[in-house]
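Asks: Below you will find the structure I want to go over with you.
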Amino acid sequence: MIRLATSTDLPALQEIEVAAGAPFRDIGMSAIADDPPPTIADLEKFLGPAHIWVATGDDDRPIAYALMEVVDAAAHIEQVSVHPDHARRGLGARLIDEIGNWANGHQLPALTLTTFADVPWNAPYYERLGFRRLADSDLTPGLVRIREREAQHGLDAWPRVTMRRPVAT
Ligand SMILES: CC(C)(COP(=O)(O)OP(=O)(O)OC[C@H]1O[C@@H](n2cnc3c(N)ncnc32)[C@H](O)[C@@H]1OP(=O)(O)O)[C@@H](O)C(=O)NCCC(=O)NCCS
């Protein structure tokens, strides 16, 4: 099932993040695989009303999660990670749809995210889910700041894109 995260879920989210990052090693992006997961303090910042959703197994333990923050009046997906043991079963798409429902309920017109342009399970995946690439000239100030922060973190070593999906009403 999909539900909102609680503070007791956060260590499991770190484990998911490390496991979900491992496939980047196979495509020559070891720095991404080796990037430490968000700290508990980082994750706690997202624990406001409706900002972390988890997909759970039968034991209610998270097997996938999505982080969201509102950026320039859009629901910005900061991270989606699915444990590889549970990948390719639609959990990523369901978490994103859940954020879409939340955005709809909060009168936000779109979902946004930043991701790697050429990683098969990043931009091409999001395109299959209805996201479209934004031109740099279309980035709102908050998205520009996010891209700058990511560049400082070294993520621009590979092509990055910002994407947007209108909220279905
Ligand atoms: C991207 C991610 C969230 C997708 O979650 P998921 O639950 O596996 O995805 P879904 O079941 O909704 O969709 C499956 C589709 O994702 C894409 N996909 C998932 N894993 C893939 C892989 N290893 N290689 C290529 N495409 C992949 C494919 O399009 C796949 O469709 P297919 O199985 O018919 O080929 C998950 O792979 C993940 O956590 N990756 C690591 C973290 C990450 O890169 N997050 C996104 C960037 S912020």
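Please treat every number below as a calculation from the coordinates, not as lab data. Treat the numbers as computed from the prediction; the structure is a model and nothing was measured. Heads up, the Cβs are rebuilt from the backbone with ideal geometry, glycines too, and the neighbour counts pull from every protein chain shown.
Asks: Just Ala135, Ala74, Ala33 to compare: in a GNM of the chain, with alpha carbon springs under 10 Å, which one fluctuates most?
Replies: Answer for the Gaussian network model of the chain: Ala135.
Asks: Before rounding to the nearest 500, sum -39500 (n - 2.57) across all DSSP H runs of length at least 4 in the chain and divide by the residue total; then give [θ] at 222 nm in deg cm²/dmol. All intermediate terms of the calculation are to be shown ahead of the outcome.
Replies: Details: 6 runs with 55 residues, N = 169.
Result for the chain: -9500 deg cm²/dmol, rounded to the nearest 500.
Asks: Just to check I understand the Karplus step: with θ = phi - 60° and J = 6.51 cos²θ - 1.76 cosθ + 1.60, what whole-Hz values come out for the range 95-100, glycine and proline as x?
Replies: Using θ = phi - 60°, the values come out as 5, 5, 5, 4, 5, x Hz.
Asks: While we're on this one: Can you sort Ile2, Ile77, Ile63 so the residue with the fewest Cβ neighbours within 10 Å comes first?
Replies: Fewest-to-most ranking of Ile2, Ile77, Ile63: Ile2, Ile63, Ile77.
Asks: Among Ile63, Val18, Ala117, which residue has its Cα positioned farthest towards the positive end of the charge dipole of the range 2-166, with +1 placed on the Cβ of Lys and Arg, -1 on the Cβ of Asp and Glu, and the dipole taken about the Cα centre?
Replies: Result: Ala117, furthest along the dipole toward the positive end.
Asks: Within 10 Å of each residue's Cβ, count the other Cβ atoms and sort Glu98, Glu15 from fewest upward. Provide the component values of the computation, followed by the final result.
Replies: Values: Glu98 18, Glu15 13.
With the sparsest Cβ surroundings first, the list reads Glu15, Glu98.
Asks: Shifting gears a bit: Fewest to most neighbouring Cβ within 10 Å: what's the order for Trp53, Trp121?
Replies: Details: Trp53 22, Trp121 17.
With the fewest neighbours first, Trp53, Trp121 line up as Trp121, Trp53.
Asks: Using unit Cβ charges (K, R positive; D, E negative) and no other charged atoms, how large, in debye to the nearest 20, is the dipole of the chain about its Cα centre?
Replies: Approximately 540 debye in magnitude.
Asks: Another question, if that's okay. Normalising by the residue count of the chain, find the relative contact order in percent from Cα pairs under 8 Å and 6+ residues apart.
Replies: 19
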